[in-house]
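Take a look at the structure set out below.
The values are calculated or read from the model by the stated rules, or taken from the named source; none is laboratory data. All of these numbers come straight from a predicted model, not from anything done at the bench. In this analysis, Cβ positions are derived from the backbone assuming ideal geometry, glycine residues included, and neighbour counts consider all displayed protein chains.
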Amino acid sequence: MDAAVGAAAEVYVTTGRPAFAGMADPGSPIWTVTPQEFAGESPALSGFMATPVLMVRALALMRLAAGNRQDAMGFARHALDLIGDSSGGAGLRAELRRIVQGA
């Protein structure tokens, strides 16, 4: 177990830490991609990706936390478009609608 923990820590130090630092930079794609760009193509996010709906939700929440309400609303609208009228996701849909409505 000690060897596994040590190996995991080494991977974080050599790979994870630089990757997270790069994505935290204000010029990184995670901070510069626009809702329009994301809707048009899958941006290069250096391996940081989830399902399209969850990624766009994360970007909406990040922009909201940074005070960029316009982009937050754009990402939330795109996520709602991706979800469509599927039977599931009522809670997610409600959260995204609150962002779009500025609540």
> In segment 67-80, how many residues are touching a residue at least 24 places away in the same chain (Cβ under 8 Å) and of a type outside the set (Lys, Arg)?
Replying inline: 8
> Looking at residue 39, is it part of a helix (DSSP H, G or I), under 14 Å from the mean Cα position of the chain (by Cα), more than 18 Å from residue 23 (Cα to Cα) and modelled with pLDDT under 90?
Replying inline: yes
> Among the residues of segment 25-36, is there at least one that is touching a Ser or Thr at 6+ places or on another chain (Cβ under 9 Å), assigned to a helix (DSSP H, G or I) and not hydroxyl-bearing (Ser, Thr, Tyr)?
Replying inline: yes
> Residues of segment 85-103 being modelled with pLDDT under 90 and closer than 22 Å to residue 33 by Cβ, which ones?
Replying inline: 92, 102
> Of all the residues that make up segment 42-72, how many are surrounded by 12 or more Cβ atoms within 10 Å (Cβ to Cβ) and either at pLDDT 85 or above or within 22 Å of residue 95 (Cα to Cα) (or both)?
Replying inline: 19
>> On the basis of being closer than 13 Å to residue 96 by Cβ and among the β-branched types (Val, Ile, Thr), does residue 56 make the cut?
In response: yes
> In segment 3-24, is there at least one residue being in a loop (DSSP other than H, G, I, E, B) and surrounded by 12 or more Cβ atoms within 10 Å (Cβ to Cβ)?
Replying inline: no
>> residue 97 - would you say it is over 14 Å from the mean Cα position of the chain (by Cα), in a helix (DSSP H, G or I) and on the phi < 0 side of the Ramachandran plot?
In response: yes
